[in-house]
Every structure is written in C-alpha cells, then in structure tokens.
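Trainee: First the structure, which I've put down as structure tokens, then a few questions once you've had a look.
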There are 2 protein chains.
Amino acid sequence: MNGMGLVEHLRAIVGDGFVLEGENISSYLEDWRGRYHGSALCAVRPADKEEVAAVVAAVHAAGLTIVPQGGNTGLCGAATPDSQGQSVVLLLDRLNAILEINVLDSCIRVQAGCVLQTVQEKAEEAGFYFPLSLGAEGTCQIGGNIATNAGGTAVLKYGSMRSLVLGLSVVLPDGGVCDWSLPLRKNSAGYDLKQLFIGSEGTLGIITEATLRIFPKPLQVVTVMAAVETVDDALALFVRLTQVLGERIRAFEIMNRTQMDLVLERVPGNRLPFAEACPYYVLVEVTETLPRIDLSAIMLEILEEQIEAGRILDAVVPYSLAQAEDLWRLRHSVSEANKLSGISVAHDTAVPVSQQGEFIRQAEEGIRTLFPELQIPMVGHIGDGNIHVVVIVPYDSVKDEDERTDRIARIHAVVDDVVIRIGGTISAEHGIGQSNKLRLQKSLGETTIGLMRSIKRAIDPDLTMNPGKVIDMR
Amino acid sequence: MNGMGLVEHLRAIVGDGFVLEGENISSYLEDWRGRYHGSALCAVRPADKEEVAAVVAAVHAAGLTIVPQGGNTGLCGAATPDSQGQSVVLLLDRLNAILEINVLDSCIRVQAGCVLQTVQEKAEEAGFYFPLSLGAEGTCQIGGNIATNAGGTAVLKYGSMRSLVLGLSVVLPDGGVCDWSLPLRKNSAGYDLKQLFIGSEGTLGIITEATLRIFPKPLQVVTVMAAVETVDDALALFVRLTQVLGERIRAFEIMNRTQMDLVLERVPGNRLPFAEACPYYVLVEVTETLPRIDLSAIMLEILEEQIEAGRILDAVVPYSLAQAEDLWRLRHSVSEANKLSGISVAHDTAVPVSQQGEFIRQAEEGIRTLFPELQIPMVGHIGDGNIHVVVIVPYDSVKDEDERTDRIARIHAVVDDVVIRIGGTISAEHGIGQSNKLRLQKSLGETTIGLMRSIKRAIDPDLTMNPGKVIDMR
C-alpha cells in the first residue's frame with residue numbers, strides 16, 4: 001500500500017476530521033523547545049484503544065512507521081519524527097477519559113492521553129493523592145509519563161512513574177492488544193512484560209490505558225529550607241531526618257548558590273529567605289496522614305539540633321502556606337532563570353545518594369577546566385541521587401550552530417566521564433529519545449545495549465515503532 | 001563436547017570438590033516436598049560470579065542446559081531438573097557474602113546465595129529493616145526470592161521482592177555478564193532489563209548479586225486481631241485503617257473459621273483469643289518510626305469505633321510482645337495445620353482488593369458443588385488481594401496417584417475459572433515453575449504468552465536456561 005492509500009485507510013478508521021496533513025501537523029513535527037524537527041505522512045487522532053490498534057495494524061501492514069506523541073513536553077526529542085517523512089504521528093489526546101477511581105483498590109484507571117494535572121485533580125476530588133509531580137504537569141500526558149518513566153519531586157517517597165503503575169493496556173507493533181490493566185498488588189505469573197513498556201519511549205508499542213496507584217491524602221505538609229556549607233552536610237541532614245521521620249519525607253531538594261543567585265536575579269517575585277548567601281540550600285517537604293502529630297514541632301527540634309551541632313548554617317520554617325509557597329517558588333523558578341541566562345546545557349545524572357558530593361566536585365572541576373568562564377548552577381533531587389548539573393552558555397558567546405553543538409558535546413562528555421567513573425546513569429528522569437542515544441551507548445556498554453536490541457527485535461521485528469529513538473538498530 | 005568432557009571442564013573452573021555427581025546430588029534432584037523428581041549430569045557449586053559466568057559459558061558451549069537452584073524451598077518445582085539428565089544443576093550456596101551495607105544509600109548489596117534471614121539480620125544489625133518475610137526465610141536464598149518475585153507478609157507496605165530490588169548482576173545464557181548493581185533511585189536510561197530477570201525463575205539467566213533497599217527500623221509495632229462477619233467487613237476495616245494510619249499498615253491478613261479451627265485442632269500451643277468462633281479473623285500489624293506517637297491508643301480508638309458501628313464483632317489488642325506473638329503463631333501455624341489434615345490443594349490467587357469477597361464466594365461455591373465433603377480453609381494477605389483458598393483432600397480419601405492428580409486438576413480448574421472470570425492472577429507470590437505452566441497459558445492468553453516466548457528466545461536463543469519451566473517453548 002502506498003502512503004496515500006494508507007491515509008485513506010486511516011481516515012476510514014478514525015474519521016475524516018481526525019487525520020491531519022500538511023500545515024495542520026506542523027506543531028507535531030517539532031518538540032516544544034524547537035530543538036528537533038521532522039517530517040511525517042500525517043498525524044492521526046484515534047478516539048479509543050480499539051482505534052489505536054487498528055491504526056497501528058494499518059501502518060504496520062503498509063510498512064511505514066509510527067511516532068507516538070503525548071503532550072509533546074519531552075526534553076529528548078522522543079516524540080518528534082525523523083526527517084524521512086515515512087512516519088505517522090499517533091496523537092493520544094482524544095484518549096482522555098478517567099475510567100475509574102476505586103477506593104478499595106486505591107487506584108485510578110485512566111486513558112493514556114489524560115493530562116497529568118487532571119489525574120492529580122481527579123484523585124484529589126476522590127480524597128486521594130496521586131504523587132507524580134513535575135514542571136510540565138499541566139500539559140504532559142500520562143502515557144508519555146509512563147513511556148519515559150517520569151520522575152519529579154516526590155520520587156523520594158513514592159518512587160518514579162514505574163512504581164505508580166499497577167497495570168497497563170498496550171498495543172503491540174503489529175496491532176495486537178495486551179490488556180494487563182488489573183490493579184493487582186502481587187503477581188508472579190511469568191515475565192512482568194509491562195515493565196518493558198514503562199520507559200521504552202514508544203519504541204516497543206503504544207500505551208493506551210494505565211491503572212495507577214493512589215495514596216491517602218496527607219493531612220499535613222511541612223516545608224522547610226536549610227542552608228548548608230557542603231553537599232555532605234546536606235546528606236547528613238537527610239540521614240538524620242530519615243532516621244526520625246521515616247518515610248514521611250516527600251521531597252529533599254538542593255540548589256547551589258549559583259543557581260539561587262540566578263533565580264533571584266532573573267525571576268521577579270523571589271527573595272532569599274536567609275540574611276546572607278550560602279553555598280547550598282536544601283528544600284525539605286514532609287507529610288503526615290495523622291492530624292494529631294505536631295510535625296512542625298518535630299522538624300523544628302531536628303533543625304535546632306543540627307544548627308547547634310554546626311551541621312546546618314541556618315533554617316527557615318514557614319508559618320503560613322504562602323511562606324511555604326515562596327520557598328517552592330525559588331525551586332520552581334530554576335528552569336526560567338536558566339533559560340533567561342543563556343543556553344542551558346543540563347545533565348540528568350543520577351548516582352548513588354552517597355556519591356553525590358564526589359560527583360558534583362568532579363563534574364564542576366572538569367567543566368571549569370574546559371570552560372572556566374561559564375556559570376555552573378546545580379539543582380537536584382538530592383534525596384534520590386538525581387543531580388542536574390547545568391552549564392550556562394550565554395546566548396551571545398556562541399557564533400553558530402556548529403560551535404554550539406560542539407560545545408554542548410564537550411560539556412556532556414566531561415560530565416558523562418565522571419558518571420561512568422563513579423557509577424551512575426546519564427538519564428535519571430528525562431529519558432533518551434534522540435538526544436542521548438550515543439551517550440547511552442557509551443555509558444551502558446555493548447552487552448547491555450545488545451540485549452536491548454534483542455528485546456526491540458523480539459517485540460518489534462519490523463521496526464515499526466518510533467524509529468531512531470533510544471537505541472540505533474543498525 | 002560430551003557430558004564427561006564438560007564435567008572435567010567444570011572441575012577445572014570450580015575445583016574438584018565443587019562438582020558433585022552420583023549419590024551426592026540426589027537432594028538437588030527433587031523439591032523439598034518431594035513432589036518433583038529429575039535427573040542431572042552433575043551439580044556445580046561455583047564460588048563467585050566469575051565462576052558462575054565460566055560455568056554457564058561452558059555448559060552453553062557444550063549444548064547442555066542449566067537449572068539454577070537456591071535454597072530449594074520453592075513450591076512449583078522451578079528448581080528441579082527434568083528427567084532427561086542433560087542438565088547441570090547450578091548451586092548458588094557458596095555465593096553467600098554480604099558485600100556492603102550503605103547507610104546513605106539505604107541499601108544492602110548481597111550475593112545471590114545469601115539466606116533471606118541472614119539478610120534480615122545483617123540489616124537489623126546496621127540499624128535498618130529489610131521487609132521481605134516468608135515461611136522459608138531460614139533456608140531460602142535471596143537469588144531465588146528475586147527469581148520468583150517473592151511476596152510474604154509485608155508486601156502491603158513495602159511491595160513484593162521486585163519493589164525491593166535496586167540493582168542486579170546477572171549472567172546471561174551464553175555466559176555474558178551484565179552488571180546493573182548500582183543503588184540508583186531513579187533511572188530512565190533505556191529498557192529496565194533487570195525487571196525481566198525478576199520473576200523469570202531462572203529461565204533467562206542467573207542472578208549473581210543484588211542491591212536491595214533497606215528501610216528505617218520501626219520503633220513501634222502494634223499487632224491486633226479482629227473478628228468479623230464477612231470479607232467485606234474486613235475490607236471496610238482495611239479502608240478505615242488506611243484512611244487514618246496511611247502507610248503505617250504493614251500487614252493485613254485474614255483467615256476463615258475453617259482455617260482457624262484446623263490450626264486450633266492440629267497445632268499445639270494455639271488458642272482462640274475470642275470467647276467464641278467467628279466467620280473470619282483479621283490480623284493487623286501497624287508500625288511507626290516515631291517513638292512519641294501512641295500507636296496502640298490510636299488503634300484502640302479505631303477498633304472501638306468499628307465495634308460500635310457494628311462492623312467488627314470483637315478485637316484483641318495485646319498488652320505484651322508475647323501476646324502479639326501468640327496472634328502471629330495462629331497465622332504461622334496454617335501450613336502445618338493443613339499438612340497434618342491432608343493433601344493441601346492450595347491456590348495462590350490475587351484479584352483486585354475490592355473483588356476478594358466475590359472471588360471467595362464463587363471459588364468456595366464451585367468447589368463445594370464438585371466436592372461437598374471437603375474442607376475449604378482460606379488464609380490470605382487480604383490487604384494485597386492475595387487469597388490462598390485451600391482444599392483439604394484427606395490422605396485416606398484418594399486411592400492412587402492418578403486419582404490424586406485428577407482431583408487436584410479439577411479443583412484448580414474450578415478456581416482458575418473464577419479467577420479468569422473476575423480478573424486476577426493464578427500466581428501472586430509462588431511463581432509458575434513446572435506446576436502451573438498450563439494454568440498460566442490458560443489464564444494469560446495467546447498474545448501475552450507469545451510475547452513471553454519471544455522474550456525468552458531473544459535472551460536465550462539456544463534454550464540453555466532452566467528448560468521446561470514457566471512457558472513451554474515448543
């Protein structure tokens with residue numbers, strides 16, 4: 001079947017108005033940051049999982065390829081087609097129903113195109129809490145969150161997206177359908193195939209539905225910020241808090257002084273909550289489902305004890321929700337501040353929690369040796385070992401595209417060498433997409449990459465799904 | 001290479017004393033319950049992961065097969081070789097070192113042959129808590145726990161074994177080595193391959209090392225038992241406790257009256273903690289890391305409220321550790337009581353938590369229709385949806401092996417039909433092995449089984465690993 005025959009076939013499946021071509025698809029052919037551009041035969045908006053299966057079967061039969069796209073908020077170009085024009089972009093936005101919220105099963109069953117924030121809100125309305133939270137939550141879709149095994153700020157307590165998935169429905173590359181959507185808490189019945197699709201970035205199949213864990217809503221949330229001298233002091237505070245508060249710690253974030261300075265300079269409405277600047281700032285959030293425990297008092301006690309022991313320099317315990325929001329605003333202003341400062345060459349490293357001090361020291365040293373003039377803000381989920389070391393390349397400092405590409409590659413290489421030496425991952429929560437394929441290959445080594453290729457070939461022998469993403473199949 | 005040449009080769013790898021043959025291997029050729037018997041060329045006891053890799057490479061090159069065996073405590077015959085005599089039994093018992101306990105990373109790194117109880121004890125000595133707990137913990141090995149995605153009594157709070165694994169080292173079927181052992185809390189770098197090996201029962205490779213999560217040690221543990229009229233009343237209590245106590249609930253177990261009666265009749269040292277027998281008994285355990293919260297008082301309040309509301313019949317709140325242990329003894333006496341009563345035809349079903357009342361009703365009805373004379377004790381982890389419906393076939397009621405096999409198959413078929421109808425898994429925590437292959441196939445359907453076969457072929461194309469287990473490859 002040629003391309004035009006396929007478009008007719010797709011119209012027959014989803015209806016005329018839901019196959020887009022020409023100018024109508026331009027927004028689906030590039031990522032939101034405008035870093036990747038591609039081409040496609042058409043974009044299709046199926047209404048439900050049956051239509052998804054029929055679309056996939058048709059494209060597979062026609063020998064073309066499929067690029068699934070959720071909210072198009074990814075950072076690695078995984079949802080942008082390549083330049084060949086032989087792909088069909090599969091949009092999941094019409095699969096946006098909340099199918100069920102079940103109190104006894106503590107789960108919410110949703111279609112893949114639901115916006116993350118909608119899932120959070122629906123869980124909240126039912127008296128529950130859905131913990132995945134990240135910058136793009138107003139736009140990104142649950143299917144994409146699952147396909148990238150998204151992280152965010154509550155991973156410390158609740159785990160990444162993988163930990164929140166109880167069940168999935170998927171469409172295989174030939175249009176076959178697997179329904180593993182039951183909310184089972186225990187299952188040892190053969191290989192747990194859904195785990196492969198979580199984090200596969202659309203290269204193995206299409207996630208059409210998900211059954212997600214929801215949790216008792218915390219009745220108390222206490223947020224504090226502490227200033228510390230070193231990363232190791234921050235980690236010592238983390239250990240102490242964990243000893244006392246157990247699994248109540250929902251977030252434990254860090255920013256270095258460079259990052260805080262950029263936020264204060266660039267983003268209006270922020271102010272430093274301390275009398276003077278300090279090397280590192282830690283933002284801690286603890287939660288509790290029992291109302292009668294005085295969580296603030298316990299936090300105060302620990303912080304006072306740590307100040308007396310000289311392990312933290314200062315601390316702020318907000319007395320109002322507004323003050324707590326001010327602290328979080330500092331954290332949430334990071335992306336904007338960095339974007340306003342120049343090209344952000346960001347890293348999404350995770351190393352073992354214990355190795356973060358060493359990682360940051362070596363990464364900063366390596367970058368400074370190469371580019372002594374550049375600013376290195378650092379922000380991260382230090383409770384998870386996920387540190388974003390960022391290098392700001394001022395917009396006016398690079399002359400052309402080639403120089404930019406070269407400089408970015410050299411910065412990545414320095415940081416990746418440290419990751420490989422210390423032991424860690426180059427992608428903690430953003431994924432691989434098209435940006436990070438070579439870096440992935442270098443960091444994982446041939447045996448693991450070879451195994452990934454075997455899995456890809458086993459599930460998608462005709463290479464129908466999201467070509468050119470995650471691993472090269474040549 | 002013929003078998004004898006291979007044995008010489010294996011001796012050269014592991015040393016003469018660690019290749020066992022003839023009478024010395026008889027205990028490795030059958031499971032601990034004596035239900036499965038096999039034959040093997042020899043059994044090998046490598047000292048470390050390098051020797052495991054060399055042994056696997058040698059067996060693979062010789063065209064023979066490998067049956068990995070941990071503590072040999074499995075319930076489904078996964079560690080027993082087939083009758084062909086072409087297998088090498090690979091024993092992991094010499095890989096029994098605790099490699100590292102790291103406070104900052106909250107992890108323990110162990111070799112695969114470590115006994116579960118040793119891991120629990122070492123974590124405890126370091127001031128932590130390792131939550132996997134099950135009947136065989138004094139004998140079973142961590143590698144086997146991972147290979148079967150073991151469950152047990154603390155899954156409600158901490159998840160199955162899969163949730164406890166941060167990293168793995170594995171040897172592939174050709175002797176290749178993958179080291180994914182870093183304690184990373186976040187990772188979105190390609191397919192999460194270790195997930196395939198968890199729960200694969202030795203059919204994809206050999207787990208040689210594991211990095212496991214450990215948790216703050218609870219400072220308080222409160223155990224209570226409540227008597228209820230129906231399964232739905234038990235679930236209502238579960239919902240209420242979850243609302244108030246959040247994630248503090250570590251165990252929420254149920255037994256029916258038949259099961260309790262068998263325990264009281266058959267196992268000395270047990271007594272009913274209530275004035276009279278009731279339809280169902282629920283055992284609840286809640287934990288807390290803060291010492292200053294009066295957890296017992298909170299539990300008492302909830303139980304009183306539930307008694308007043310007529311939702312529970314009675315409750316026992318122990319005032320001493322000894323009394324709490326008495327309650328757990330009732331639960332832990334179940335296997336012994338059933339074994340003393342006859343052949344236990346046990347089911348390892350999980351259904352959604354909300355569907356358990358319906359599942360139990362339909363399963364009991366189906367069994368009673370078929371065999372009205374048989375006792376049906378029921379025990380389970382009702383907080384996880386994992387119900388063990390057991391049918392006791394008195395020893396003197398079956399004449400021969402064939403009749404026994406037939407009766408067991410008919411009982412399984414009745415229960416499996418209910419599982420398929422309601423939606424659930426035939427194996428929540430015991431695995432598939434050789435016992436449950438046909439039941440697995442029937443319950444999962446062709447598309448999913450086909451995908452499992454593709455994965456098996458992709459990773460183990462020569463079918464070297466644990467032949468005849470989990471899925472048939474014909």
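The values are calculated or read from the model by the stated rules, or taken from the named source; none is laboratory data. Keep in mind that this is a model prediction, so the values were computed, not measured. When we count neighbours, we look across all protein chains shown, and the Cβ atoms used for this are built from the backbone with ideal geometry, even at glycine.
Trainee: Looking at region B:115-129, can you tell me whether even one residue there is in contact with a Ser or Thr (Cβ under 6 Å, 6 or more places away or on another chain) and touching a residue at least 12 places away in the same chain (Cβ under 8 Å)?
Mentor: No, region B:115-129 contains no residue that is in contact with a Ser or Thr (Cβ under 6 Å, 6 or more places away or on another chain) and touching a residue at least 12 places away in the same chain (Cβ under 8 Å).
Trainee: Would you confirm whether or not region B:403-415 contains a residue that is at the interface with chain A (Cβ under 8 Å from one of its Cβ atoms), among the hydroxyl-bearing types (Ser, Thr, Tyr) and out of contact with any Lys or Arg (no Cβ under 8 Å at 6 or more places or on another chain)?
Mentor: no
Trainee: Restrict the check to region B:416-432 and report whether at least one residue is in contact with a Ser or Thr (Cβ under 7 Å, 6 or more places away or on another chain), buried (at least 19 other Cβ atoms within 10 Å of the Cβ) and part of a helix (DSSP H, G or I).
Mentor: For region B:416-432, residues in contact with a Ser or Thr (Cβ under 7 Å, 6 or more places away or on another chain), buried (at least 19 other Cβ atoms within 10 Å of the Cβ) and part of a helix (DSSP H, G or I): present.
Trainee: Look at region A:136-163 and say how many of its residues are free of Cβ contacts under 8 Å to residues at least 40 places away in the same chain and over 20 Å from A:Cys107 (Cα atoms).
Mentor: Matching residues across region A:136-163 total 1.
Trainee: For region A:304-399, which helices (runs of 4 or more DSSP H) that fit wholly inside it have 1 or more residues that are within 14 Å of chain B (Cβ to nearest Cβ) and under 17 Å from A:Asp417 (Cβ atoms)?
Mentor: Result: A:356-370.
Trainee: With on the phi < 0 side of the Ramachandran plot, touching a Ser or Thr at 6+ places or on another chain (Cβ under 6 Å) and free of Cβ contacts under 8 Å to residues at least 40 places away in the same chain as the only criterion, which of A:Leu132, A:Leu166, A:Leu104 stands out?
Mentor: Result: A:Leu104 is the single residue among A:Leu132, A:Leu166, A:Leu104 that is on the phi < 0 side of the Ramachandran plot, touching a Ser or Thr at 6+ places or on another chain (Cβ under 6 Å) and free of Cβ contacts under 8 Å to residues at least 40 places away in the same chain.
Trainee: Now, a different point. Restricting to region A:128-177, give me the number of residues that are among the small types (Gly, Ala, Ser), part of a loop (DSSP other than H, G, I, E, B), closer than 28 Å to B:Gly246 by Cα and within 11 Å of chain B (Cβ to nearest Cβ).
Mentor: Looking only at that region, the number is 4.
Trainee: Follow-up question, since we're still on this one. So, A:Leu64, is that one farther than 19 Å from A:Pro131 by Cα and touching a strand residue (DSSP E or B) at 6+ places or on another chain (Cβ under 9 Å) or not?
Mentor: Yes; evaluated as a whole, the condition is true for this residue.
Trainee: Still on this structure, I have one more. I need a count of the residues in region A:423-443 that are touching a helix residue (DSSP H, G or I) at 6+ places or on another chain (Cβ under 6 Å) and either free of Cβ contacts under 8 Å to residues at least 24 places away in the same chain or closer than 17 Å to A:Met161 by Cα (or both).
Mentor: 1
Trainee: Might you let me know whether region A:36-47 holds any residue that is in a helix (DSSP H, G or I) and closer than 24 Å to A:Ile142 by Cβ?
Mentor: no
Trainee: Right, B:Gly74: surrounded by fewer than 21 Cβ atoms within 10 Å (Cβ to Cβ) and part of a loop (DSSP other than H, G, I, E, B) or not?
Mentor: Considered against the rule, which asks whether it is surrounded by fewer than 21 Cβ atoms within 10 Å (Cβ to Cβ) and part of a loop (DSSP other than H, G, I, E, B), B:Gly74 comes out as no.
Trainee: What are the residues in region B:178-211 that are more than 18 Å from A:Asp192 (Cβ to Cβ) and either among the aromatic types (Phe, Trp, Tyr) or more than 7 Å from every other protein chain (Cβ to nearest Cβ) (or both), if any?
Mentor: Once the filter is applied, which keeps residues that are more than 18 Å from A:Asp192 (Cβ to Cβ) and either among the aromatic types (Phe, Trp, Tyr) or more than 7 Å from every other protein chain (Cβ to nearest Cβ) (or both), region B:178-211 yields B:Asp179, B:Ser181, B:Ile206, B:Thr208, B:Glu209, B:Thr211.
Trainee: Hey, does region B:438-460 have a residue that's at the interface with chain A (Cβ under 8 Å from one of its Cβ atoms) and assigned to a loop (DSSP other than H, G, I, E, B)?
Mentor: No, that holds for no residue.
Trainee: How many residues does region A:461-474 contain that are under 23 Å from the mean Cα position of the chain (by Cα), buried (at least 23 other Cβ atoms within 10 Å of the Cβ), more than 7 Å from chain B (Cβ to nearest Cβ) and assigned to a loop (DSSP other than H, G, I, E, B)?
Mentor: So the answer is 3.
Trainee: I would also like to ask the following. What is the number of the single condition among (1) under 30 Å from A:Ala315 (Cβ atoms); (2) at the interface with chain B (Cβ under 7 Å from one of its Cβ atoms) that A:Val221 does not meet?
Mentor: Result: A:Val221 passes all but (2).
Trainee: Let me ask something else. Applying the selection to region A:88-127, what residues are assigned to a loop (DSSP other than H, G, I, E, B), within 14 Å of chain B (Cβ to nearest Cβ) and polar (S, T, N, Q)?
Mentor: Matches in region A:88-127: A:Ser106 only.
Trainee: Would you mention how many residues in region A:297-348 are at pLDDT below 95 and hydroxyl-bearing (Ser, Thr, Tyr)?
Mentor: The qualifying residues number 4.
Trainee: Within region B:141-155, count every residue that is more than 9 Å from the chain's Cα centre (by Cα) and either surrounded by fewer than 24 Cβ atoms within 10 Å (Cβ to Cβ) or among the polar types (S, T, N, Q) (or both).
Mentor: The qualifying residues number 3.
Trainee: What are the residues in region B:219-262 that are modelled with pLDDT of 95 or more and polar (S, T, N, Q), if any?
Mentor: Across region B:219-262, the qualifying residues are B:Thr223, B:Thr230, B:Asn256, B:Thr258, B:Gln259.
Trainee: Go through region B:421-437 and give me each residue that's facing chain A (nearest Cβ under 9 Å) and among the aliphatic types (A, V, I, L, M).
Mentor: B:Ile426, B:Ala428, B:Ile432
Trainee: State all residues of region A:242-262 that are buried (at least 23 other Cβ atoms within 10 Å of the Cβ) and of a type in the set (A, V, I, L, M, F, W, C); if no residue qualifies, say none.
Mentor: A:Ala251, A:Phe252, A:Ile254, A:Met255, A:Met260, A:Leu262
Trainee: To continue, here is another question. Give the residues of region B:311-352 that are surrounded by 17 or more Cβ atoms within 10 Å (Cβ to Cβ) and among the acidic types (Asp, Glu), sorted by residue number.
Mentor: Result: B:Asp326, B:Asp348.
Trainee: Further, regarding this structure: Does any residue of region A:239-258 turn out to be at positive phi and of a type outside the set (Gly, Ala, Ser)?
Mentor: Among the residues of region A:239-258, not one is at positive phi and of a type outside the set (Gly, Ala, Ser), which makes the answer no.
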